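Input: a single structure, listed below in structure tokens.
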Amino acid sequence: MKIVIIGNGPAAIAAAETIRGQDRSCEIVMLSRESVPFYSPCPLAEYVEGSVPKDHLFLRDPAFYSRSGIDIRYGRPVIRIEPQTRQVWLAGNEAVAYDQLLIASGSKAFVPPIPGLATAKGVFELKTLDDAEGILERIKTARRAVVIGSGFIGLEAVQALIRQGLDVTLLEAQAQVLPAMLDREMAAIVQQRLTAHGVQVHTGCGAERILENENGVRAVMAGGCEIPCELVICAAGVRADLSILEGSGIASNRGILVNDHMQTNVDGVFAAGDIIERPDVPEKYRVLPIWPNAVSTGRIAAWNMLGIATRHPGLEAVNVVRVFDTPIASFGTQTAEDCLRWQDGNGAVRKVLLQEGRVIGGQLIGEINGTGVLHEMMKKGIAAERFGEALAHPGFSYAHFMQPSRAVKWA
Amino acid sequence: MEKTVSKTIFTVVENCVACKSCEIACAVEHSCSKTLAGAILETPLPQRRITVEGVGAYSYPSRCQHCSDASCITACPTGAMQRDGNTDAVFSDHDRCIGCWMCVVVCPFGGVTADPVNKKALKCDRCPERTAKGEAPACVSACPTGALLFLTPEEFAAQRRQATAHAAVCGESTTKLNGMDILRSLKGAN
Ligand SMILES: Cc1cc2nc3c(=O)[nH]c(=O)nc-3n(C[C@H](O)[C@H](O)[C@H](O)COP(=O)(O)OP(=O)(O)OC[C@H]3O[C@@H](n4cnc5c(N)ncnc54)[C@H](O)[C@@H]3O)c2cc1C
Ligand code: SF4
Ligand code: SF4
């Protein structure tokens, strides 16, 4: 059997390793757009900042591919999939045949249609190692930077650039920072923290135009003002990269539609990682482009490609970001009937959201220990009313679940 | 090659009296000096990886469960969180950890905590230096009531079977005291 994997990110690697763990004989071909071995994009901001050395980005040793019997082909972007003939097409009119196909080509940065944004020199995304290298080259001469978008990648970029000594302006088109993770009140706390570290934060202010001179970008027009800068980072969110699906008949919406076996609607074609969407689950569990989901869906896809039927238990709906060392975690939804709240007077705030007595979301700033316990309660739909106010307290823990059994024992 | 089943830490919840000996022993074991006198003088202060959590009259020494399908390893985007090939213990390599806290937000047991000072994930590593010498982890050695045990699953099952059988034959008042009995006896003593 010949298995072809499109991509060389965590979903692709998790799948390849799972396949090899089961089956030494099948052929595995990995097609990668980039020309470097598997690396983690998550510490890229820290790499730009200078706190993580480059060799720490690479998560496998150089002999990994040969040792695992993986035929890795670098610099080979797939442009088209042809399920009728079980082939994928690469740039340069080269075809690769498959018996089973895994699409794990991830997401790409969303670049809003702003004049100059896609073309100007000095404008970067922060998605790949190449992007990070480009930024590092540019900051040798740049003094001022504009970051477009205040999602978690945008905020990580802001922090890295400040620590590199640049003047940084953050533009957010929506009325608050971290709009996908926080409510207005919590976002205001984060905004204060950014401002306290010297970031110029403009919310409700979208970039309108990139202004250039012979050295590339010289300013960003936003809210009718010119913000002078030599570097722009576009971090306006990520989208599944669906361009390769055209004409393939593989169904997609915001991502490739898969079931709990990571199967697409087309026979022999699976998908995993940032590129997928789960249409069969509640909204908050549908599209969740984070690392743990890439790894877990890659593994599940692998089992099913080998014909061992395995269900995915559901994506993790949780995210965490640090803003100048303050941890900020968020899971589930951001609005609900009831909200339990805890704060310590030192800037730490925890909110747990309940609907019909069950946890449906939460936001935690400053004190995030135990987020996993709350997140698990949400996933399992555990009745939470009996815990009362304790739910939002940092001391809320696994111990609270032991109480009923202890009560019997110690009665 | 067949792998021998390694010992792990078991918790007998009803024996915990919230004395917190395990917390202190854990912090000392993870200090530079490895002595209490030295540990309290270190900066930053050594951190514990076990927390005795109390709810009303109940307490539970909470720590990492060293899950076989560990969410924290799946979630770690730097390769820092990993499983020791010999002992099966899950641990985080501080050299690689960037303090992204993904492990903290996915662990269903609250097994990892964020150390805000050193920006590293803190969790039970099952004391590799001690177990390599054949000793039990620090928390287990320090526990005065047998709430924490270091056994193979078979040994633990056998011990529990014995305790249950003993209770069935001799009635509830087993010779082995549980945590509440110990507290009661302390109260009665003064
Ligand atoms: C700066 C940054 C910070 C992040 N921080 C966190 C974090 O703290 N926690 C967290 O959980 N997540 C974080 N993420 C998200 C996380 O990195 C992604 O969810 C994860 O990498 C997705 O894995 P994937 O394998 O689906 O896709 P990707 O990692 O995007 O990999 C896609 C692979 O496919 C290749 N490819 C793309 N198109 C093609 C093509 N047409 N043909 C062939 N190959 C192709 C690419 O070269 C790449 O190898 C961060 C992401 C970024 C960019
Ligand atoms: S940290 Fe949590 S998820 Fe990881 S092994 Fe321990 S208990 Fe399991
Ligand atoms: S905090 Fe450290 S150990 Fe935990 S997921 Fe992040 S890098 Fe891995």
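Numbers for the structure displayed
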read-out	value
Highest to lowest packing among A:211-223, A:2-14, scored as the average C-beta count within 10 Å	A:2-14, A:211-223
Highest to lowest packing among A:111-117, A:70-76, A:394-400, B:36-42, scored as the average C-beta count within 10 Å	A:394-400, A:70-76, A:111-117, B:36-42
Order of A:Leu374, A:Leu245 under a 10 Å beta carbon neighbour criterion, fewest first	A:Leu245, A:Leu374
Sequence of B:Asp69, B:Asp88, A:Asp344 once ranked by neighbouring C-beta atoms within 10 Å, starting from the fewest	B:Asp69, A:Asp344, B:Asp88
Estimated FRET transfer efficiency (A:Phe324, A:Arg80; beta-carbon r; R0 30 Å; 0.05)	0.10
Relative compactness, the stretch A:325-402, computed as alpha-carbon Rg over 2.2 N^0.38 Å	0.99
A:His197 paired with B:Ala168, simple spin-label distance in nm, labels 7 Å along Cα-to-beta-carbon	6.1
37 °C / 0.692 mPa s Stokes-Einstein diffusion coefficient of the stretch A:86-238, Kirkwood radius on C-alpha pairs, µm²/s	198
Ranked by how many other beta carbons lie within 10 Å on average, peptides A:89-102, A:360-373 from highest	A:360-373, A:89-102
Dipole of chain A, positive direction: furthest Cα of A:Gln343, A:Ala175, A:Trp89, with charges on the beta-carbon	A:Gln343
Anchor A:Lys379: aspartates and glutamates whose Cα lies under 12 Å away (excluding residues fewer than 8 positions away in-chain)	A:Glu316
Ellipticity estimate at 222 nm from DSSP helix runs (n ≥ 4, -39,500 (n - 2.57)) divided over the protein assembly as shown, nearest 500	-7500 deg cm²/dmol
Cα Rg, Dmax, the stretch A:107-193, angstrom units	13.4, 37
Pairs from A:Lys380/B:Lys34; B:Lys20/B:Lys119; A:Lys2/A:Lys108 whose Cα-Cα separation, in the structure shown, is over 30 Å	A:Lys380/B:Lys34
10 Å Cβ neighbours from other chains, averaged over peptide A:40-46	3
Chain B: angle of helix B:179-189 to the longest principal axis, Cα-based, in degrees nearest 10	60
In sequence order, calculated HN-Hα J values of the stretch A:140-147 (Karplus, 6.51, -1.76, 1.60; Hz; x Gly/Pro)	4, 10, 6, 10, 10, 9, 10, 10
Net lengthening on full extension, A:Thr310/A:Arg67 (0.36 nm per residue, minus Cα-Cα)	84.8 nm
Fraction of the pair-distance distribution of the protein assembly as shown above 34 Å, Cα-Cα pairs, percent	48
Inter-chain Cβ neighbour average for residues A:365-376, partner chain, 10 Å	6
Extension reserve of the A:Leu211-A:Arg163 stretch, reckoned as 0.36 nm per residue once the Cα distance is removed	14.7 nm
Options B:Met81, B:Cys67, B:Ile24, ranked by Cα towards positive dipole end of chain B, top entry (Cβ charges)	B:Ile24
Stretch gain in nm, segment B:Glu154-B:Ser68, where the contour uses 0.36 nm per residue and the Cα spacing is subtracted	29.3 nm
Efficiency of FRET between A:Asn259 and B:Glu135 - r from beta-carbon atoms, R0 41 angstrom, step 0.05	0.25
Set of the stretch B:103-144 residues, backbone N closer than 18 Å to the point 7 Å along the Cα-Cβ line of B:Thr43	B:116-119
Fewest-first ranking of A:Val190, A:Val287, using other Cβ atoms within 10 Å as the exposure measure	A:Val287, A:Val190
Per principal axis, descending, Cα span of the stretch A:171-305 in whole Å	53, 40, 21
Average beta-carbon neighbours from other chains, 10 Å sphere, peptide B:49-61	4
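Every number in this text was worked out from the coordinates using simple rules, so none of it is lab data. Remember, predicted model here, so these are calculated numbers, not experimental data. Every residue, glycine among them, receives a Cβ derived from its backbone with ideal geometry; neighbour counts consider all protein chains shown.
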